[in-house]
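Working notes, structure below.
The values are calculated or read from the model by the stated rules, or taken from the named source; none is laboratory data. These figures come from a predicted structure and were not determined experimentally. Ideal geometry is used to build each Cβ from the backbone, glycine not excepted, and the neighbour counts take in all protein chains shown.
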Amino acid sequence: MLPSEAQWEYACRAGTDAALYTGPMEISGDANAPALDPIAWYGGNSSVGFELANGAERSWLTDMQYPEGKAGTHPVGRKRPNPWGLYDMLGNVWEWCADGRRRYDADWKLDPVGPSEDRAGRVIRGGSWYGDARYCRSAYRLTRPPDVRSGDLGFRCARVQS
């Protein structure tokens, strides 16, 4: 199944509490966050080692960490994993969550779940090869209609016990 948003963030953080599972993140421009380079494909580095002919340009991004060039998704596992051994939790592709966006409040909740009606927007997490550095943080979240398809959108399955 797809993970809930809470399950996704728990897996991404892997016991850490900073912006990245490797620590804090300083952003010097839309596409320049050196702390992301060893762990994530994002708009500032996704042209590095990209060899396919059908890549995309990211000309709207400013202050890119690496020179402009065609970019796209990369094979999983080429960047450093999080402390639990999970690769590409940040960057490469946005990942669908099973539930929609819920409001955060002051009350502590164990395994909170957002709306899940058929047409409810679903949360996507992690950022992608195509976007700004600021999206590739453990806590960043967006919502998309469940029928959206995109070249920077994917999923990660969650294993659950019955």
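Taking only the stretch 108-149 into account, find how many residues are of a type outside the set (Lys, Arg), touching a residue at least 24 places away in the same chain (Cβ under 8 Å) and at negative phi.
Residues in the stretch 108-149 being of a type outside the set (Lys, Arg), touching a residue at least 24 places away in the same chain (Cβ under 8 Å) and at negative phi: 22 in total.
For residues that are modelled with pLDDT of 95 or more, of a type in the set (Val, Ile, Thr) and assigned to a loop (DSSP other than H, G, I, E, B), tally how many sit in the stretch 84-127.
The number of residues fulfilling the criteria is 1.
Identify, from the list 37, 17, the residue that is within 17 Å of residue 65 (Cβ to Cβ) and either at pLDDT 95 or above or out of contact with any Phe, Trp or Tyr (no Cβ under 8 Å at 6 or more places or on another chain) (or both).
Answer to the selection: 37.
Out of the stretch 63-96, which residues are of a type in the set (A, V, I, L, M, F, W, C) and over 11 Å from the mean Cα position of the chain (by Cα)?
Hits for the stretch 63-96 are 64, 71, 76, 84, 86.
Does residue 31 satisfy the condition of being surrounded by 22 or more Cβ atoms within 10 Å (Cβ to Cβ) and under 26 Å from residue 143 (Cβ atoms)?
Judged against the criteria, residue 31 is a match.
Among the residues of the stretch 10-39, count how many are in a loop (DSSP other than H, G, I, E, B) and under 13 Å from the mean Cα position of the chain (by Cα).
Here the count works out to 4.
Do you know which residues across the stretch 128-159 are among the aliphatic types (A, V, I, L, M), part of a loop (DSSP other than H, G, I, E, B) and either in contact with a Pro (Cβ under 9 Å, 6 or more places away or on another chain) or closer than 11 Å to residue 91 by Cβ (or both)?
Once the filter is applied, which keeps residues that are among the aliphatic types (A, V, I, L, M), part of a loop (DSSP other than H, G, I, E, B) and either in contact with a Pro (Cβ under 9 Å, 6 or more places away or on another chain) or closer than 11 Å to residue 91 by Cβ (or both), the stretch 128-159 yields only 158.
From 134, 122, grab the single residue that is surrounded by 21 or more Cβ atoms within 10 Å (Cβ to Cβ), over 19 Å from residue 74 (Cβ atoms) and of a type outside the set (Ser, Thr, Tyr).
122
Can you confirm whether the stretch 48-56 contains a residue that is closer than 21 Å to residue 152 by Cα, surrounded by 12 or more Cβ atoms within 10 Å (Cβ to Cβ) and not small (Gly, Ala, Ser)?
Yes: the stretch 48-56 contains one or more residues that are closer than 21 Å to residue 152 by Cα, surrounded by 12 or more Cβ atoms within 10 Å (Cβ to Cβ) and not small (Gly, Ala, Ser).
Exactly one condition in (1) surrounded by 15 or more Cβ atoms within 10 Å (Cβ to Cβ); (2) farther than 12 Å from residue 6 by Cα is false for residue 100; which is it?
That leaves (2) as the condition not met.
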